Every structure is written in structure tokens, then in C-alpha cells.
Amino acid sequence: FASQTYTARAAGFANDLAVQLLKLMDRKKTNLSIAADVTSKAELLQLADLLGPYICVFKTHIDILDDYDSSVPEALTALAEKHDFLIFEDRKFADIGSTVKAQYQSGVYKIASWAHITNAHPIPGEGIVHGLKEVGLPLKRGLLLLAEMSSKGTLAQGKYSMDTLAMAARNRDFVFGFIGQRRLPLDEPEKEDFLYLTPGVSMAQSGDSLGQQYRSPEQVVLESGCDVIIVGRAIYGAADPVAEAKKYQEAGWNAYLQRTRRA
Ligand code: UP6
């Protein structure tokens, strides 16, 4: 699948949102997602408006905002429509099905009502997917499972990652891909395609002081067969985030073009 275009792969997905995302990437010529880890709503919305033209997915940690109120998802949704991107709340759910269902639907953030995509750790077992699915599927949302992490010493590896893949394969109506570091070897490669969204991307740094590990867009897309590069501090922390976003968009896109032509 890694050698096919995003659009060609869309037919192989059961989840509507995955189809939307794949087509969006080719239409906009971007496989860049920004991790907008800022703590004020003004900064968050400014990043979404400034960087919107260059990204396919705007990734949030909504619970780090100091001044959150319900105008934020409204404004984000309007910007998503204006600039043609999807919103991914990086919630990393990790509880039993019944609890995550409430966390996804209710509370301060009501994530399901505005985030096209969210994600979950498979650690509690498949009930977490079923619980989130009960809320998300009627709203045409999509879920990613964390198969691997970018951080040093992660416990998500080996058999854990392969079992995550199997869990996703049993829930393809809702789960369309992974947060991961490489395309996992599939049991039935001709049958099952998933999207891989990959954090831990920087062209300048190799890591931070708290265990983050970075790789380049080429390593992620070309060598590891991942589909979307997620870039945070390397873009929003730069003096000129727009110029930096363009650089990452181009690097990610060139790696994709090389990958699809090579085959
Ligand atoms: N993230 C990772 N690694 C993972 C999963 N998620 O870094 O395995 C998320 C972080 C952060 C972003 O929560 O929002 O991706 C990375 O930001 P950075 O580019 O500034 O390091």
C-alpha cells in the first residue's frame, strides 16, 4: 500500500473519515499535521488560521488551554472548513469502555462533538474501542490506536504493537489507523490497509530533555512507510512558523512522491 497514492488507497477503507483524509491529502498536496501544543486559545486559533493552508490535520491537546471555553471548538471548526483540514484531538484515551465513552462525549470538552479524529491506547483491551465507537460512529468520527510511541523506553513495542494491529483489524469501521513509528507487517497484506500518523518529527533536533526522539520526514515517510508527519515545536516554536510549515510540507510531500514513484 505504501507505494500507492493516497487517493488510490481510499477505496480500501471502511471508515468515511479515512476516505476524506486520503483524498484531502492529494488534493492539498500535504501530509503534514501540526501538533499545536500551545496554552492559550488565541495562540491556538492563530496557528490554525496561519498554518491551515499547509496541513491536512490540526492536532490539539485541548486540555492544556488555560482559557478554554466552548467558543474554541466552534472557531476551530470554522477554520477547518475555511482551510480544508481535519481536527484531531490527541486525547490518548486509556480507560475501560464505559468510562471512555463518557470522557469522549461529556465533560468540559465534549470531544466527540467537534474532533473528527481522536486516539486511544489499546492497553485496557478491546472494550475501549467499543465504548468510543458507540459515541463516535454515529457522528462519523474515526479512531487511531497507539501502536508505538516516539518516546525513549516506550513499552508499546513488539507483540503489543502487533496485537494493536489485530484489534484495529477487527474494528475497521471505526479504527482507520495508528499512531506509530513504522508501517507494521500485516498478516494479510493485500487485504488490510491502515493509515500511520507519526509524531516525533524534526529536521533540526534529535530529541528533547524529556525522552522525545525525532526523525526526519524522509525517515518517517520513505524509510518507515508512514503516511502523515506530525510536527510540533519544530514548527510552532520557530521564529517564522509559516516558513517552517512550508518546509515540512515540502519535505513530507517529496518523500511521499518518491515513495509512490519508486514502486
Ligand atoms: N506524541 C508524541 N509521541 C507519541 C505520541 N504522541 O510526541 O508517540 C505527541 C505529543 C505532542 C506531539 O503529545 O503533542 O506528538 C509531538 O510534539 P513535538 O513535535 O513538539 O515533540
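Values quoted throughout were computed directly from the atomic coordinates according to the rules given, and no laboratory measurement underlies them. If you're wondering where the values come from, they're calculated on a predicted model, not measured in any experiment. No Cβ is skipped: glycine too gets one built from the backbone with ideal geometry, and neighbour counts run over all protein chains shown.
Structural remarks
- Highest to lowest packing among 95-104, 211-220, scored as the average C-beta count within 10 Å: 211-220, 95-104
- Protection proxy ranking for 130-143, 62-75, using the average of other Cβ atoms within 10 Å per residue and placing the highest first: 130-143, 62-75.
- Computed lengthening from residue 191 to residue 63, 0.36 nm per intervening residue step minus Cα-Cα distance: 42.3 nm
- Straight-distance candidates among the lysines for linking to residue 110, with alpha-carbon spacing under 25 Å and chain neighbours fewer than 8 residues away dropped: 41, 59, 82, 92, 101, 133, 140.
- Distance from the Cα centroid of region 146-205 to that of region 1-62 is 17 Å (rounded to whole angstrom).
- Computed extension gain for residue 152 through residue 75, at 0.36 nm per residue and net of the alpha carbon distance, reaches 24.2 nm.
- Calculated FRET efficiency for the pair residue 7/residue 42, C-beta based, R₀ 30 Å, to 0.05: 0.25
- Cα gyration tensor shape of region 1-131, rounded if a/c is under 1.5, else prolate or oblate by comparing a/b with b/c: oblate
- In this label model, residue 233 and residue 29 are separated by 3.2 nm, measuring between points 7 Å along each Cα→Cβ vector.
- The radius of gyration of the Cα set in region 135-263, together with its Dmax, comes out at 15.6, 46 angstrom.
- For region 119-194: rounded, prolate or oblate by the Cα gyration tensor [a/c cutoff 1.5]: oblate
- Farthest toward positive dipole pole in region 155-221 [+1 Lys/Arg, -1 Asp/Glu at C-beta], among 171, 212, 194: 212
- Placing unit charges on the Cβ atoms only, positive for Lys and Arg and negative for Asp and Glu, gives the chain a dipole magnitude near 620 debye about its Cα centre.
- For region 166-263, the Cβ-based charge dipole about the Cα centre amounts to some 120 debye (Lys, Arg positive; Asp, Glu negative; other atoms uncharged).
- Classified by the C-alpha gyration tensor, the chain has a rounded form. Its axis ratio a/c, with a ≥ b ≥ c, is below 1.5.
- MRE, 222 nm, helices only [DSSP H, n ≥ 4, -39500 (n - 2.57), over the chain, to nearest 500]: -11000 deg cm²/dmol
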